[in-house]
Amino acid sequence: LEEGKEIGYQGFELGNKFPKEKEALKAKLGEYGFECVSGWYSSFLAHGTVEEEIDRVSAHLDKLLYNGSNVMVYGECAGTIQGDRSKALYMRPKFTSDAQWQAYAEKVTKFGDWLLARGMRLAYHHHMGAYVETPEDVDMLMKLTGESVGLLFDTGHMTFAGGDALTELKKHINRVCHFHCKDVRSDIIKLARNRNWAFLDSVLNGAFTVPGDGAINFAPILQTLAENGYKGWLVVEA
């Protein structure tokens, strides 16, 4: 937090080292004058019910609202291989029919509606190793879900998944409510694919890096956000 203050950041997105209690979190961030940007929420809607998810999310929602956040990072963790070092990238879960996609989208929309009614926008994080990973997955999700479901656009994950970040951003700019600025090392990604690495091993071997240190040109990406009136956060992922 001291380093973030020196650099000039305005807020932080939560990680595992932050206080878990809402009051303690607010106090700690307040020591440095930081805003609580958001916090990752592990959801299991792909295999569960909306009612189960509402019960599970309540404490996290309360903490975010108490600390002034208005977007929630939604990570679909049902069936995910993102933390399993025994599963290669190609072994991620996938929806295999239109009916499965439709059923999932309806649940995500219903959950998004419930959150929005309480002042929180669902920011769906397309993510390596999960059901929604590729550009085609994101296209389908945005097509089938309602407006309450916002898109967390992550430049690193989109590029790793085979998409061109600028092209895909322009497609869905009107749904983007949160933004992760992450760069990639193309040579590491090629090795990860060719050698069937797990996602976690790809990360540990340096697939992701800070903006400006990798292959992504951020200037036109940021220009696109500005030209389209994006008002949300830009989260620099180091």
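Going through the range 68-81 one residue at a time, which ones are polar (S, T, N, Q) and either surrounded by 19 or more Cβ atoms within 10 Å (Cβ to Cβ) or touching a Ser or Thr at 6+ places or on another chain (Cβ under 7 Å) (or both)?
First, pick out the residues of the range 68-81 that are polar (S, T, N, Q): 69-70, 80.
Listed by number, the residues that qualify are Ser69, Thr80.
Is it true that Ile188 is open to solvent by less than 50 Å² (accessible area, probe 1.4 Å), closer than 23 Å to Met91 by Cβ and β-branched (Val, Ile, Thr)? Before the answer, list the steps.
Numbers: open to solvent by less than 50 Å² (accessible area, probe 1.4 Å): yes; closer than 23 Å to Met91 by Cβ: yes; β-branched (Val, Ile, Thr): yes.
In short, yes.
Of all residues in the range 94-128, which are buried (at least 18 other Cβ atoms within 10 Å of the Cβ) and within 30 Å of Leu204 (Cα to Cα)?
Once the filter is applied, which keeps residues that are buried (at least 18 other Cβ atoms within 10 Å of the Cβ) and within 30 Å of Leu204 (Cα to Cα), the range 94-128 yields Phe95, Leu122, Ala123, Tyr124, His125, His126, His127, Met128.
Might you let me know whether the range 161-182 holds any residue that is at positive phi and modelled with pLDDT of 95 or more? Reasoning before the result, please.
Of all residues in the range 161-182, those at positive phi come to 162.
So of that shortlist, the ones also modelled with pLDDT of 95 or more come out as 162.
Checking the range 161-182: at least one residue is at positive phi and modelled with pLDDT of 95 or more.
For His180, are the conditions met, namely being surrounded by 22 or more Cβ atoms within 10 Å (Cβ to Cβ), under 19 Å from the mean Cα position of the chain (by Cα) and under 30 Å from Leu1 (Cβ atoms)? Even if it seems obvious, please write down each step before you answer.
On the way: surrounded by 22 or more Cβ atoms within 10 Å (Cβ to Cβ): no; under 19 Å from the mean Cα position of the chain (by Cα): yes; under 30 Å from Leu1 (Cβ atoms): yes.
Taking the combined requirement at face value, the residue does not satisfy it.
With the checklist (1) over 19 Å from the mean Cα position of the chain (by Cα); (2) surrounded by fewer than 15 Cβ atoms within 10 Å (Cβ to Cβ); (3) not small (Gly, Ala, Ser) in hand, flag the one item Asp84 doesn't pass.
Of the numbered conditions (1) over 19 Å from the mean Cα position of the chain (by Cα); (2) surrounded by fewer than 15 Cβ atoms within 10 Å (Cβ to Cβ); (3) not small (Gly, Ala, Ser), the odd one out for Asp84 is (1).
Among the helices (runs of 4 or more DSSP H) lying completely within the range 127-197, list those that include at least 2 residues that are within 26 Å of Glu106 (Cα to Cα) and touching a residue at least 24 places away in the same chain (Cβ under 8 Å).
Details: elements: 135-144, 155-160, 165-172, 186-194.
Qualifying helices (runs of 4 or more DSSP H): 135-144, 155-160, 165-172.
The values are calculated or read from the model by the stated rules, or taken from the named source; none is laboratory data. Just so it is clear, the structure is predicted and the values come from calculations on it, not from any experiment. Neighbour counts are summed over all protein chains in view; Cβ atoms, including those assigned to glycine, are modelled from backbone coordinates with ideal geometry. Just the protein is used for accessible areas: all its heavy atoms, side chains included, with ligands, DNA and RNA removed. Shrake-Rupley method; radii C 1.70, N 1.55, O 1.52, S 1.80 Å.
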